[in-house]
Amino acid sequence: MPALALLSAIFVVGIEQTVQWKYGVTGIIGLLLLTVGIKAKNPTVSSMGAVVLALLVAGPAL
């Protein structure tokens with residue numbers, strides 16, 4: 001069980017670093033909103049985070 005928790009933590013930190021490197025602070029805020037919304041089972045907050053991330057990803061195409 002501790003090995004699974006360690007691998008999970010490494011994966012999450014890796015994703016966060018990738019998002020921050022590619023999308024900056026706004027990407028981290030979007031990821032944070034999405035994560036908090038999912039953990040709190042709050043669809044409004046998770047939707048806000050998803051919209052922020054979608055706008056960042058689709059920004060160059062718009």
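The values are calculated or read from the model by the stated rules, or taken from the named source; none is laboratory data. Everything quoted here is computed from the prediction, not taken from an experiment. Glycine gets a Cβ as well: all are built from the backbone with ideal geometry, and neighbour counts include every protein chain shown. When the accessible area is computed, the model is the full protein with side chains, heavy atoms only, and any ligands, DNA or RNA have been set aside. Shrake-Rupley method; radii C 1.70, N 1.55, O 1.52, S 1.80 Å.
Mind checking whether some residue in the stretch 20-36 is more than 20 Å from Gly59 (Cα to Cα) and part of a helix (DSSP H, G or I)? Even if it seems obvious, please write down each step before you answer.
Here is the first cut: in the stretch 20-36, the ones more than 20 Å from Gly59 (Cα to Cα) are 35-36.
Keeping just the survivors that are part of a helix (DSSP H, G or I) gives 35-36.
For the stretch 20-36, residues more than 20 Å from Gly59 (Cα to Cα) and part of a helix (DSSP H, G or I): present.
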Item to complete: Please verify whether the stretch 32-51 includes one or more residues that are in contact (Cβ under 8 Å) with a residue 12 or more places away in the chain and polar (S, T, N, Q).
Response: yes
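To keep it simple, each residue is scored yes or no on (1) of a type in the set (Ser, Thr, Tyr); (2) open to solvent by less than 70 Å² (accessible area, probe 1.4 Å).
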{"position": "Leu4", "(1), (2)": "no, no"}
{"position": "Phe11", "(1), (2)": "no, no"}
{"position": "Thr18", "(1), (2)": "yes, no"}
{"position": "Gly24", "(1), (2)": "no, yes"}
{"position": "Leu31", "(1), (2)": "no, yes"}
{"position": "Lys41", "(1), (2)": "no, no"}
{"position": "Ser46", "(1), (2)": "yes, yes"}
{"position": "Val52", "(1), (2)": "no, yes"}
{"position": "Ala61", "(1), (2)": "no, no"}
